[in-house]
Amino acid sequence: MSKKPDPKKIKALILDLDGTTLMPDTTLGERTIQCLKKLISNGMYVLFATGRALEGAERFCTAVGMSGPMIFFNGAEVVDIPSGKILGGSLLDMDVVDFGLDTARNMGVHYQIYLPPGVAPNNETPAGKREMLIMEKQTSYADMYFNHTGITPVFMDLKKVTANANISGCVKAMFLAEPFLHDEIRQKMYNQFGDRISIIRSFPTFLEILNAGVSKGKGLEIVMRHLGLSADEVMAFGDEENDLAMFGTAGFSAAPSSARENIREAADIIFGSNAEEGLAAYLEETFLQ
């Protein structure tokens with residue numbers, strides 16, 4: 001049975017980015033910016049929970065003037081903004097990354113990984129201060145991902161990266177492929193690794209491989225502990241499979257009308273489409289009257 005939150009008791013709004021807070025062109029609408037700024041000025045915690053890297057979400061945090069513990073990489077990292085301190089997370093084992101690479105090569109699909117901050121992929125490429133995105137070659141999916149996130153990748157042979165004994169794990173691996181291929185990829189990965197991994201769809205063409213137990217829900221538990229919040233003080237907003245775990249952690253959940261049917265069915269509240277800044281309209285009506 002759906003629950004309706006008491007606006008006076010909600011202290012934190014946990015917002016997915018793509019498909020929920022962002023417009024279809026992956027920008028923040030002006031109405032949304034002004035709404036979120038006002039909520040923050042009123043003392044509300046307004047925090048992002050996204051599959052994106054910090055680098056791919058930072059401009060949105062800055063636009064709104066957001067600060068506090070936030071969830072990145074679908075929970076593989078929880079980072080305090082703006083200090084950059086990592087509050088929690090988990091790395092994916094490199095044998096999983098290597099098998100994923102073989103699977104991607106055999107299926108002819110795009111594959112990429114994120115190394116943790118301070119980890120060098122080889123002797124020629126120095127470690128980055130932030131997570132390093134590595135791909136093997138320029139593809140149409142590589143172009144799409146850059147346009148989507150603004151993150152510049154490093155191109156190199158991923159076999160050499162997975163063979164590097166100095167690398168103990170990566171933040172996440174990603175298959176970028178048409179949705180009809182996702183079930184086959186899932187089956188191959190789960191057949192090989194079972195409960196050692198988590199697999200989630202974060203965007204229609206993004207299938208992410210994470211360490212077991214990693215989710216936005218687990219990330220939200222870290223956020224709540226850090227802020228001293230109980231579930232009934234937290235409301236989560238999302239539109240995709242990767243948001244369901246935090247729906248189960250937060251006291252209340254909401255999805256845009258543009259979300260898939262199973263996501264809408266899991267949510268307590270349905271608000272307007274992200275194309276029409278439905279999130280801002282709902283938040284204004286519920287928390288700013």
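Nothing in this text is a laboratory measurement; each read-out follows from the coordinates by a stated rule. All values reported here derive from a predicted model rather than from experimental measurement. Using ideal geometry, Cβ is built from the backbone for each residue, glycine included, and neighbour counts are taken over all protein chains shown.
Side notes on the structure shown:
- When only alpha carbons are used to place a centre, region 94-110 and region 171-228 end up 15 Å from one another.
- Beta bridge orientation in the chain: antiparallel %, DSSP, nearest 5: 65 percent
- Fully extended contour minus Cα-Cα distance, from Ser168 to Ala127, at 0.36 nm per residue: 13.4 nm
- Set of aspartates and glutamates near Lys38 by C-alpha distance (under 15 Å), chain-local residues within fewer than 8 positions excluded: Glu30, Glu284, Glu285
- Range in the chain, longest, excluding exposed trypsin sites (Lys or Arg not before Pro) [loop by DSSP; at most 13 other beta-carbon atoms within 10 Å]: 138-289
- Sequence-distant contacts, meaning Cα pairs under 8 Å at least 6 residues apart, place the relative contact order of the chain at 23 percent.
- For region 33-185, the relative contact order comes to 22 percent (Cα pairs under 8 Å, sequence separation of at least 6).
- Of the GluC sites (Glu not before Pro) in region 110-165, those whose Cβ has at most 15 other Cβ within 10 Å and which sit in DSSP loop: Glu124
- Normalised convex hull volume, region 92-211, alpha-carbon set, Å³ per residue: 96 Å³
- Considering only Leu207, Ser168, Thr149, and ranking their Cα positions along the charge dipole of region 138-212 that arises from unit charges at the beta-carbon of Lys, Arg, Asp and Glu, the one farthest toward the positive end is Ser168.
- Helix 54-64 and the long axis of the chain differ in direction by around 20°, with both axes built from C-alpha atoms.
- Taking amide H as placed 1.01 Å from N in the peptide plane, Met44 has no amide H partner under 5 Å among residues 5 or more places away or on another chain.
- Cα-based Rg and Dmax for the chain, where Dmax is the largest Cα-Cα distance (Å): 18.5, 57
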